[in-house]
Amino acid sequence: MRAMLAIAAKDLRLLARDRTSAFFVLAFPLAVAIFFGTVFGGGTTNEASIRLAVRDAGGGPLSMGLRKDLATRPQLEVLPVPDESAGETMVRRGQASALLVIPADFDDRAANLLQGGRMELDLRVDPARNAESAMLVGTLHELGFRAVARAMGDVSNTRRMIEGGRAAMALSPSMTVDRRDRLLALLTAVDDLARHGDLPAAARGSGDGAGDGPAMPQWIVVKTTEVRDRRTGPSNAYAITFPQGAAWGLMGCVVTFAAGLAEERRRGTMLRLATAPLPLAAVLLGKAAACFAASLGVILFLAVAARLAFGVQVSDWRLLVLAASASAFAFSGLAMALASFFRTESSARSACNAVVLVLAMVGGGTVPLAFMPGFLRTLSGFSPFSWSILAVEGAVWRGMGLAEMLPSILVLVALGVAGMVLGLARLRVGDPST
Amino acid sequence: MLVLESLEKRFGGIQAVDGLSLSVRPGEIFGLLGPNGAGKSTTIGMAMGLLKPDAGRVRVGDLGQPRDPAVRRSIGVAPQAEAIYDELTGEENLRFFARLLGVTDPARAATEALDRVGLLPRARDRARTYSGGMRRRLNLAAAIVHRPPLLLLDEPTAGVDPQSRASLLELVRQLARDGAGVLYTTHYMEEAAKLCDRVGIMDRGKLLDSGTVDELLQRHGAETMVYVERNGHGTQRLATHDPLQEVSRALQAGDVTGLRVERPDLETVFLSLTGRSLRD
């Protein structure tokens with residue numbers, strides 16, 4: 001134990017004296033967080049998969065049609081939820097990008113479209129997923145107009161609209177007699193067409209031409225709100241970018257400490273460590289302890305900086321420490337696994353940079369997961385990057401409780417253990433000093 | 001103190017050490033002399049427990065084999081490379097190694113070791129500011145910071161200036177006088193001849209012979225050469241086992257303008273044992 005602590009203290013001292021490493025561990029992640037916070041915005045998408053929780057409160061034919069349309073979209077994975085609370089929880093936990101609530105009166109509102117009525121959709125989005133949210137809003141507008149077209153193409157619905165229109169005109173005090181007579185004639189003609197089944201195809205719900213032609217009335221409204229912890233939520237864009245910056249800081253630690261063993265070999269000091277009266281596991285764990293302490297320090301440093309300099313509110317500091325600890329442990333395991341593979345510092349640093357960059361990309365650190373192909377999204381489950389961001393966000397602004405955060409914590413700890421075991425197994429093969 | 005019995009080690013198709021046996025007694029400096037690639041460092045590696053022998057065994061006193069962490073506390077290692085941390089001070093380096101080796105008072109042990117190698121005035125300076133000789137001394141200090149009874153020194157003077165070398169050799173002699181057994185590898189035959197109580201000649205993984213320098217010279221050395229210069233007769237070259245008698249005889253004959261006696265050295269021994277020069 002004493003020897004392990006000595007190794008950890010020595011490694012931290014070396015880190016503090018290596019300006020390049022210190023830059024990548026502290027300054028670089030800060031710069032990343034500030035940069036992304038400044039330019040934070042959405043994007044465009046083509047092939048993607050967005051997990052969309054859907055609560056259909058109406059259950060009428062139009063809302064069912066909308067759900068079916070959503071399900072046919074290749075970029076959407078529709079997840080029906082029993083109530084709004086369940087859907088919001090999924091969004092907060094990062095299990096869905098947004099919750100779509102189809103209101104109970106969605107179908108009924110279709111009857112009032114000719115009187116200036118609107119069909120509303122309630123979209124509750126994850127504030128950390130702007131790009132996906134923008135894409136969802138566009139898709140919902142398109143499919144909403146298709147629902148409007150279906151409403152128009154349905155004979156009984158159209159006749160209900162016409163009847164409603166007639167009644168409204170009869171009650172309108174401001175309408176002139178001449179204008180009322182002409183509009184009633186028009187509605188009678190449309191009613192006649194509807195009764196004989198002669199409505200144009202576009203109006204019967206093929207839907208594709210819904211957005212064509214001159215300016216259409218705003219029959220579909222997609223109301224967008226953010227799902228956030230009611231007490232704090234993401235107080236600003238920095239609340240979202242700082243967890244991402246922290247993850248980049250962790251990767252800086254991985255690169256620095258993964259090269260540590262190769263550095264010891266180059267110096268010849270690995271021979272002293274390997275011949276010291278302590279098991280090899282203690283050498284590796286001592287190094288892991290230093291990596292853990294530095295990683296934890298990075299996250300907490302960024303959190304404090306975010307709080308003091310950028311006004312970011314942290315929802316639960318205790319959970320943040322837990323999330324930071326689990327993240328630091330996972331990244332320490334990754335560092336030790338990588339350290340055991342490379343013999344020279346240059347190869348260790350180059351390879352680690354490449355590996356962590358790939359893990360960051362796969363974990364959604366550079367490009368939203370929704371923009372990635374399916375196999376990469378599956379792989380993201382193995383990247384500590386995504387789990388770490390989710391856990392830290394959970395404590396900062398997602399308002400997660402311990403139970404909600406536990407899956408992320410367990411995955412991070414498991415990844416850390418796997419990395420340590422792999423590192424130890426590799427270190428025991430052959431002469432550890434060379 | 002250290003017993004190596006019939007050690008064998010193979011790396012792929014290369015037999016690095018082949019049936020090597022030797023022992024180092026307390027207070028003795030045993031020199032392993034051989035060219036690069038002779039198997040000296042592999043032998044040291046097995047002696048320090050870093051490499052597992054394919055056959056044979058290593059014992060450190062009555063303690064057991066050096067792969068046992070407890071036995072390692074009895075061994076001090078000075079690797080060929082300067083195994084120190086450049087960004088730490090001399091004192092921090094030694095404190096760290098002392099902690100690693102389980103010393104109860106690392107600060108005191110570090111100070112004593114620094115004093116012993118003459119680095120106390122530079123204790124607070126970072127190692128990267130040290131000269132080559134000072135770094136070598138710090139490397140040796142790290143080997144003795146826990147006062148081990150057995151020292152394994154792998155070419156500890158490689159690449160240092162003559163003055164620093166003399167200082168390091170004197171330090172090793174002191175350590176042996178204090179009772180430490182020393183296994184010392186080198187490819188400098190003069191160094192082995194000056195420093196070591198016994199020398200083992202190694203080549204291609206085999207220990208060809210061992211003994212005191214005189215014993216080796218007696219067994220394998222050629223005759224001493226006496227060069228006599230006479231007025232008008234040039235230089236006469238005489239091979240003898242009794243150079244004193246030969247010199248006396250030459251002087252009695254008179255007309256001697258110059259005399260030179262060339263004693264065979266370990267180079268000659270190596271040549272005799274392997275058929276090639278140590279410097280090849």
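Taking segment A:399-434 as the search range and keeping residues that are out of contact with any helix residue (DSSP H, G or I) (no Cβ under 9 Å at 6 or more places or on another chain) and away from chain B (no Cβ under 14 Å), which one is modelled with the highest pLDDT? Step through it out loud before you land on a result.
First, the residues of segment A:399-434 that are out of contact with any helix residue (DSSP H, G or I) (no Cβ under 9 Å at 6 or more places or on another chain): A:403, A:406, A:425, A:429-430.
Now restrict to residues that are away from chain B (no Cβ under 14 Å): A:403, A:406, A:425.
Numbers: A:A403: 89, A:L406: 93, A:A425: 88.
Within segment A:399-434, the match that is modelled with the highest pLDDT is A:L406.
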Testing B:L120 on (1) touching a Ser or Thr at 6+ places or on another chain (Cβ under 9 Å); (2) open to solvent by less than 10 Å² (accessible area, probe 1.4 Å), one condition comes back false. Which one is that? (2)
A careful count of residues in segment B:114-132 that are closer than 23 Å to B:G181 by Cα and part of a helix (DSSP H, G or I) gives 3
Are there any pairs with C-beta distances below 8 angstrom linking a residue in segment A:2-16 that is at the interface with chain B (Cβ under 7 Å from one of its Cβ atoms) to a residue that is basic (K, R), with the two at least 6 apart or on different chains, and if so which? A:R2/B:R99; A:A3/B:R99; A:A6/B:R99
So in segment A:280-305, with the set limited to residues that are in contact with a Gly (Cβ under 9 Å, 6 or more places away or on another chain) and farther than 19 Å from A:W248 by Cβ, which one is surrounded by the most Cβ atoms within 10 Å (Cβ to Cβ)? A:A288
Condition first: at pLDDT 95 or above and not small (G, A, S). Now tell me which residues in segment A:322-357 satisfy that. A:L322, A:F329
Tell me, please, whether a residue that is under 21 Å from A:M400 (Cβ atoms) and crowded, with 24+ Cβ neighbours inside 10 Å can be found in segment A:307-317. yes
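Can you name every residue in segment B:147-170 that is under 25 Å from B:P66 (Cα atoms) and either of a type in the set (A, V, I, L, M) or open to solvent by 70 Å² or more (accessible area, probe 1.4 Å) (or both)? Spell out the reasoning first.
Taking segment B:147-170 as the starting set, the residues that turn out to be under 25 Å from B:P66 (Cα atoms) are B:147-157.
B:R147, B:L150, B:L151, B:L152, B:L153 - these are the residues of segment B:147-170 that are under 25 Å from B:P66 (Cα atoms) and either of a type in the set (A, V, I, L, M) or open to solvent by 70 Å² or more (accessible area, probe 1.4 Å) (or both).
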Going through segment B:48-93 one residue at a time, which ones are among the small types (G, A, S) and within 10 Å of chain A (Cβ to nearest Cβ)? B:G49, B:A70, B:S74, B:G76, B:A78, B:A81, B:A83
Any hit, segment B:229-237, residues being open to solvent by less than 40 Å² (accessible area, probe 1.4 Å) and closer than 30 Å to B:M189 by Cα: no
Which residues, counting only those in segment A:402-430, are in contact (Cβ under 8 Å) with a residue 12 or more places away in the chain and outside any helix (DSSP H, G or I)? A:R428
Can you tell which of A:R92, A:R109, A:R17 is under 30 Å from B:L88 (Cα atoms) and at pLDDT below 85? A:R17
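Taking the condition of being farther than 16 Å from B:G118 by Cα and open to solvent by less than 20 Å² (accessible area, probe 1.4 Å), how many residues in segment B:171-196 meet it? Outline the logic, then answer.
Initial filter on segment B:171-196 (farther than 16 Å from B:G118 by Cα): B:176-196.
Now restrict to residues that are open to solvent by less than 20 Å² (accessible area, probe 1.4 Å): B:176, B:180-186, B:189, B:191-192, B:195-196.
Selection size over segment B:171-196: 13.
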Out of segment B:84-120, which residues are more than 28 Å from B:D62 (Cβ to Cβ) and under 20 Å from the mean Cα position of the chain (by Cα)? B:V117
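Would you call B:D203 open to solvent by 30 Å² or more (accessible area, probe 1.4 Å) and either over 21 Å from B:E82 (Cβ atoms) or modelled with pLDDT under 90 (or both)?
Numbers: open to solvent by 30 Å² or more (accessible area, probe 1.4 Å): no; either over 21 Å from B:E82 (Cβ atoms) or modelled with pLDDT under 90 (or both): yes.
No, not satisfied.
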Filtered residues of segment B:223-278 (kept if assigned to a loop (DSSP other than H, G, I, E, B) and in contact with a Phe, Trp or Tyr (Cβ under 9 Å, 6 or more places away or on another chain)): B:R276, B:S277, B:L278
Can you pull out the strands (runs of 3 or more DSSP E) entirely within segment B:1-61 that have at least 3 residues that are surrounded by fewer than 22 Cβ atoms within 10 Å (Cβ to Cβ)? B:2-11, B:14-24, B:55-60
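The values are calculated or read from the model by the stated rules, or taken from the named source; none is laboratory data. These numbers come from a predicted model, not from an experiment. All Cβ positions, glycine included, derive from the backbone under ideal geometry; neighbour counts span all protein chains shown. All accessible areas refer to the heavy atoms of the entire protein, side chains included, with ligands and DNA or RNA removed. Shrake-Rupley method; radii C 1.70, N 1.55, O 1.52, S 1.80 Å.
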